[in-house]
Amino acid sequence: MADTVMTNAKKNDVPPVQKRGIYLTVGIALLFVAVILGIFIHGMTRPQILSDADLKAKGTFLFDNPRSFKPFSLVDYNNQSFSPENLQGKWSLVFFGFTFCPDVCPTTLALLNRFYQQQQEAGMAEDLQIILVSVDPGRDTPEKLSLYVKYFNPEFLGVTGEFLDLHRFATQLNIPFSKVPGGGENYTVEHGGNVAIINPNGHYIGFFRAPLTLGKFNIGYESIRATRD
């Protein structure tokens, strides 16, 4: 019995130099695994960057050259002046609609709210503003716009103005709109459903083409911020 214990002890008696070699090998292996895991996690969490061609295929269109705005004068839902200067210093996503819109507008604003909340969670909303521009100035007073827009998100901004001023601004963003004849006081307004993208320099750089999805906003916005910031 004693001989057996002695034999096992000798087998487990590994020289110090050999122990250091074993520890070094294990340490290198663990470091290698940690590096590979770190690269994998980084690849999973970093923004997905797409080329302009890939973005276009997914419904996000970017212009070769940013477009400056001609002067315009509108008002926000606080009755404060809204001009090209209000589009500087932040990324702006601009959607045209109206408070009596039965489907497209509330659906789009709800989608933009989900997108904005995700940007807030990621700490990326400080320099982002979502703007609804009314195409129905006859009914959309600043007060009504305020209630409507803030229902979807208190951080969203509503803008209105005189019809011709709104039309000129919409034309610069390639957004058509027109009042549908008939309907009396319950008339409707046809309008484009794209969401314009304006960079912090106040330049119109592209748009998200309808139909809109949360995935389109997320992938497009991440790619644009990474390559056009």
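The values are calculated or read from the model by the stated rules, or taken from the named source; none is laboratory data. None of these values were measured; they are calculated from a predicted model. Neighbour counts run over all protein chains shown; Cβ positions are idealised from the backbone, glycine included. With ligands, DNA and RNA removed, areas are computed over all heavy atoms of the protein, side chains included. Shrake-Rupley method; radii C 1.70, N 1.55, O 1.52, S 1.80 Å.
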Notebook entry, point to check: What accessible surface, in Å², does a 1.4 Å probe find on V104, ignoring ligands, DNA and RNA and rounding to the nearest 10?
Noted result: 70 Å²
Check: Between N201 and F63, what length in nm is gained on full extension when 0.36 nm per residue of separation is reduced by their alpha carbon distance?
Finding: 48.2 nm
Next item on the list: At 7 Å along the Cα-to-beta-carbon direction for both D103 and N79, put a label point, then send me their distance in nm to one decimal.
Entry: 3.7 nm
Next item on the list: List the relative contact order of the range 135-217 as a percent without decimals, with contacts defined as Cα pairs under 8 Å and 6+ residues apart.
Entry: 19 percent
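Quick one: if the Förster radius is 35 Å, what FRET efficiency do L164 and E185 give, using the C-beta to C-beta distance and rounding to 0.05? Write out the running numbers ahead of the final one.
Numbers: r = 22 Å, r/R0 = 0.63.
Plugging the Cβ-Cβ distance into 1/(1 + (r/R0)^6) gives 0.95.
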Next item on the list: Kindly report, to the nearest 10 Å², the accessible surface of R228 as traced by a 1.4 Å probe over protein heavy atoms only.
Entry: 70 Å²
Check: Residue by residue, what Karplus-based ³J(HN,Hα) values in Hz, rounded to whole numbers, does the range 199-212 have, using 6.51, -1.76 and 1.60 with θ = phi - 60° and x for Gly and Pro?
Finding: 7, x, 7, x, 10, 6, 10, x, 7, 8, 8, 5, x, 9
Checklist line | Protein-only accessible surface order, largest first, of S51, S83 at 1.4 Å | finding: S51, S83
